[in-house]
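Some notes on the structure that comes next.
The values are calculated or read from the model by the stated rules, or taken from the named source; none is laboratory data. No experiment lies behind these values; they were computed from the predicted model shown. Glycine also receives a Cβ, built like all others from the backbone with ideal geometry; neighbour counts cover every protein chain displayed. Areas reflect the complete protein model, heavy atoms only, side chains present, ligands, DNA and RNA absent. Shrake-Rupley method; radii C 1.70, N 1.55, O 1.52, S 1.80 Å.
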Amino acid sequence: MIVVFGSLNVDLVTPVERLPGAGETVIGPSYALHPGGKGANQALAARRAGAEVRLVGAVGTDAFADIALSLLAAEGVDLAEVARVEAPTGAAFIAVDADGANQIVVAAGANAQASAAALASLPLGEGDILLLQREVPEAECLKAARRMKQAGGRVILNLAPAGPPDSALLECLDMLVANEHEALVLAQSLGWGEREPDDIARRCDGELGIACIVTLGAEGVVGWHGGVRRRLAAPAVNVVDTVAAGDSFTGAFAAALAAGYGFSGALQRGLAAGSLACTAAGAQPSIPRKDAIEALVGQSFL
C-alpha cells in the first residue's frame, strides 16, 4: 500500500502566449477547472500506475471539494482519511505558455489543516510506502514520517514546492525526489557548495544516506542510490504542457517500488509517466495509466 499524505486542490489553468513578468498582466482566452494538488496528483499517479493507494489530507465543505475528489474517487483511491474542514478547498492558479512552461500560485486553504493523526490507526507495515510533499504543514509531515518508520515502511519526500526541509524530517527519509531548482535549494539549506544536480544527489546519497533523484525536465533524470549512479534520458514526446509531470514521475516511481521493481526499474517507469503527462493538458487529466507507461518503457529503455 502507498499512503500519500498531502494536498488536494482545484486547478484553474489559463493558456497564455507568454508568462507574465513581475507586475505585468497577460491576458488568456479562457480557463479550465481541474482537480489537482500535489498530494492528490501523486496519489492518482500511483493508482493509475497500478498501486493500492490511500490519501490522507483535507478539503473544505465547498463545491470545489467535490471537484478535488472526483477523479480520485472514480479511480479507486481510498479517501476515507480525507477530512472535511471549515476552510476553503485549496486552489492553484496556473498559467501555461505556448511552449508548455508554467507559473503556479497555490492558495493552501484546507490543506493548512491537514493532519497526520489518521496514520496512527492505519495498519502500516514493512511493505508500505509513505509519499510526502510540501503543500501541507511540515510538522504534520514529520509526524506521518515517524509513524511510517515505526511501522517499518519506507518514506519518500518530493521536495516540492522548493524549500529547506526540517532536519528531523530528513532523518526519516529513505528517498528524496527533487527537480533542479529544488535540489539547489536543498544544497543551499545544508550549506553545501555543490550546484550541479548530479553532485547534489551523490552527496545526499553518500552523506545523508538518502537515495536522491533529480528530475531534469527534457534532459531526463539522475539518481544515486547506495553509491551507484543512474542516468536516464527522457523519451521524446510532443509537449503540450508540463503541469503534473513531476507528480506523475513521483507517483509512478513509488508505484513501481511498491510493485517490487528495483531503483532503476522504478526510475524508468517514473520517467515514462512524467514524459507522458507532458503530452496532455491539465494536471490530473494528463496523468498516464499503467499500460501506456509500460509501453513507453518498452520502447525507450528495454
(request) Report the far tail of the P(r) of the range 195-237, meaning the percent of Cα-Cα pairs longer than 12 Å. (result) 53 percent
(message) Spelling out what I want: for every residue of the range 107-118, take phi, set θ = phi - 60°, compute 6.51 cos²θ - 1.76 cosθ + 1.60 (Karplus), and round to whole Hz; glycine and proline get x.
(response) 9, 5, x, 4, 4, 5, 9, 4, 10, 7, 4, 4
(message) For the range 112-190, compute Rg over Rh where Rg is the Cα radius of gyration and Rh is the Kirkwood radius from the inverse mean 1/r over Cα pairs.
(response) 0.97
(request) Kindly point out, ordered by number, any Cys in the chain whose beta-carbon has no other cysteine beta-carbon under 4.7 Å away. (result) 141, 172, 278
(message) I need the fraction of alpha carbon pairs in the range 118-163 separated by more than 11 Å, rounded to a whole percent.
(response) 64 percent
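Using C-alpha positions alone, give me the convex hull volume of the range 7-90 per residue in cubic angstrom.
Enclosed volume per residue, from the Cα hull, is 119 Å³.
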(request) Please arrange 126, 138 by accessible surface area, largest first, computed with a 1.4 Å probe and ligands excluded. (result) 126, 138
(request) Starting from the exponent 0.38 and prefactor 2.2 Å, build the expected Rg for the range 223-300 from its residue count and divide its actual Cα Rg by it. (result) 1.04
(message) Using only the heavy atoms of the protein chains and a 1.4 Å probe, how would 181, 225, 34 rank by accessible area, largest first?
(response) 181, 225, 34
(message) Principal axis extents for the range 161-214, Cα atoms only, whole Å, descending order, please.
(response) 24, 21, 18
(request) With the full set of protein chains in place, find how many percent of the accessible area of the chain is carbon and sulfur; take the probe as 1.4 Å. (result) 51 percent
(message) Translational diffusion coefficient of the chain at 20 °C, 1.002 mPa s, Stokes-Einstein with Kirkwood Rh over Cα pairs, in µm²/s as a whole number.
(response) 113 µm²/s
(request) In debye, nearest 20, what is the charge dipole magnitude of the chain about its Cα centre with +1 on Lys and Arg Cβ and -1 on Asp and Glu Cβ, if you could check? (result) 600 debye
(message) Considering only C-alpha atoms, what is the centroid distance from the range 139-177 to the range 181-228, in Å?
(response) 16 Å
(message) Taking the full set of protein chains and a 1.4 angstrom probe, give the accessible area of residue 38 in square angstrom, rounded to the nearest 10.
(response) 50 Å²
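Could you compute Rg(Cα) / (2.2 N^0.38 Å) for the range 59-125, with N its residue count? Could the numbers behind the result be given before it?
Working: Rg = 14.9 Å, N = 67, 2.2 N^0.38 = 10.9 Å.
Against the empirical 2.2 N^0.38 Å value, I get 1.37 for the range 59-125.
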(message) Skipping prolines and chain starts, which residues have an amide H placed within reach, meaning under 5 Å, of the one on residue 83, given they are 5 or more residues away or on another chain?
(response) 57, 58, 59
(message) With N set to the number of residues, divide the alpha-carbon radius of gyration of the range 1-140 by 2.2 N^0.38 Å and report two decimals.
(response) 1.11
(message) List the residue ranges in the chain for DSSP H helices whose C-alpha atoms run 18 angstrom or more along the long axis and whose Kyte-Doolittle average is -1.0 or above.
(response) 63-75, 138-151, 245-258, 263-277
(message) In whole Å, what are the extents of the range 159-302 along the principal axes defined by its C-alpha atoms, from largest to smallest?
(response) 40, 28, 23
